[in-house]
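J.: Mind looking over this structure? Questions follow.
The values are calculated or read from the model by the stated rules, or taken from the named source; none is laboratory data. Small disclaimer: the values here were computed from a predicted structure and weren't measured. Glycine gets a Cβ as well: all are built from the backbone with ideal geometry, and neighbour counts include every protein chain shown. Note: accessible area is taken over every heavy atom of the protein model, side chains too, but ligands, DNA and RNA are not part of it. Shrake-Rupley method; radii C 1.70, N 1.55, O 1.52, S 1.80 Å.
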Amino acid sequence: MRLLVIEDAQDLASALRVGLGRAGYAVDIALTGADAAAKLGVNAYDLLVLDLNLPDIDGFTLCRGVRDGSIAGPSGPELRILMLTARGELTDRVRGLDEGADDYLVKPFALAELLARARALLRRDNGGGTAILTVGDLSLDDGRSTATRGDRELPLTRKEFAVLRYLMHRPGHVVSAEELLEHVWDENTDPFTQTVRVTVGTLRRKLTGDGEQPLIETVIGRGYRLREIG
């Protein structure tokens, strides 16, 4: 999943990139509202983490712009928004939710809680449920960042885990390399590299043990599909 963190404090923005990145998310950073609007205009995000106290625009205004379409982009007005701010007064929290935020977390905060709230919001985009995804004999625990096939735990890298999580939200559907690049990698990735093909290839090998049927198939000219095998 790809997140946009809008936070004008450089140190905190960097820390969030690291912390969220370790959980398998692709993270872009915007230090100003203008930078955020520009990135929202060209990139598809799954979740927006939004500070209110920005140097050029109020976070409430930015949130409202996403919801009413005046800040338009591939994510659309239904983009999940988590406000992360030091403004913890009741009036601020109520206003944030009324302006369109899906959740509101007050600084200082624990990274574990931020991650849990992010997981909850992203599950809402994919039909709800728990932090555990199951497709056939494949299971992924998003909270613990573990994946198993049958009784076998899979030794996945963070990026392999993120690709698998994205595919498991769409079992049986063809997912293009461009879609994976858009949602699993961040803005610093060269779009002309073979990183998607290489990562899917290593993931496919790790998913397939001795005597097991392959779970990821390549659909020539279209992308990749996770098969539902019991």
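J.: Counting only residues that are of a type in the set (S, T, N, Q), give me the helices (runs of 4 or more DSSP H) lying completely in the range 158-230 with at least 3 of them.
T.: Values: elements: 158-168, 177-184, 195-207.
Output list reads 195-207.
J.: Now for a separate question. Quick check: is even one residue across the range 166-175 farther than 30 Å from F192 by Cβ and either open to solvent by less than 50 Å² (accessible area, probe 1.4 Å) or aliphatic (A, V, I, L, M) (or both)? Can you show your working first?
T.: Residues of the range 166-175 farther than 30 Å from F192 by Cβ: none.
Taking every residue of the range 166-175 in turn, none turns out to be farther than 30 Å from F192 by Cβ and either open to solvent by less than 50 Å² (accessible area, probe 1.4 Å) or aliphatic (A, V, I, L, M) (or both).
J.: M83 passes all but one of (1) touching a helix residue (DSSP H, G or I) at 6+ places or on another chain (Cβ under 8 Å); (2) among the hydrophobic types (A, V, I, L, M, F, W, C); (3) touching a residue at least 60 places away in the same chain (Cβ under 8 Å); which number fails?
T.: Checking M83 against (1) touching a helix residue (DSSP H, G or I) at 6+ places or on another chain (Cβ under 8 Å); (2) among the hydrophobic types (A, V, I, L, M, F, W, C); (3) touching a residue at least 60 places away in the same chain (Cβ under 8 Å), the one that fails is (3).
J.: Please work out if R222 is open to solvent by 80 Å² or more (accessible area, probe 1.4 Å) and over 22 Å from D28 (Cα atoms).
T.: On the way: open to solvent by 80 Å² or more (accessible area, probe 1.4 Å): yes; over 22 Å from D28 (Cα atoms): yes.
Spelling it out, R222 is indeed open to solvent by 80 Å² or more (accessible area, probe 1.4 Å) and over 22 Å from D28 (Cα atoms).
J.: Return yes when R144 is under 21 Å from G223 (Cβ atoms) and either part of a strand (DSSP E or B) or out of contact with any Pro (no Cβ under 6 Å at 6 or more places or on another chain) (or both) and no when it is not. So that I can check it myself, show each step before the final result.
T.: Values: under 21 Å from G223 (Cβ atoms): no; either part of a strand (DSSP E or B) or out of contact with any Pro (no Cβ under 6 Å at 6 or more places or on another chain) (or both): yes.
Taking the combined requirement at face value, the residue does not satisfy it.
J.: Contact list please: Cβ distance under 6 Å, first residue in the range 100-113 and over 9 Å from T85 (Cα atoms), second residue of a type in the set (K, R), pairs at least six apart or on different chains.
T.: Every condition considered, the pairs that remain are G100/R67; D102/R80; D103/R117.
J.: On the basis of being buried (at least 18 other Cβ atoms within 10 Å of the Cβ) and at pLDDT 95 or above, does L133 make the cut? It would help to see each step written out before you state the result.
T.: Values: buried (at least 18 other Cβ atoms within 10 Å of the Cβ): yes; at pLDDT 95 or above: no.
Here the answer is no, as L133 does not meet what is asked.
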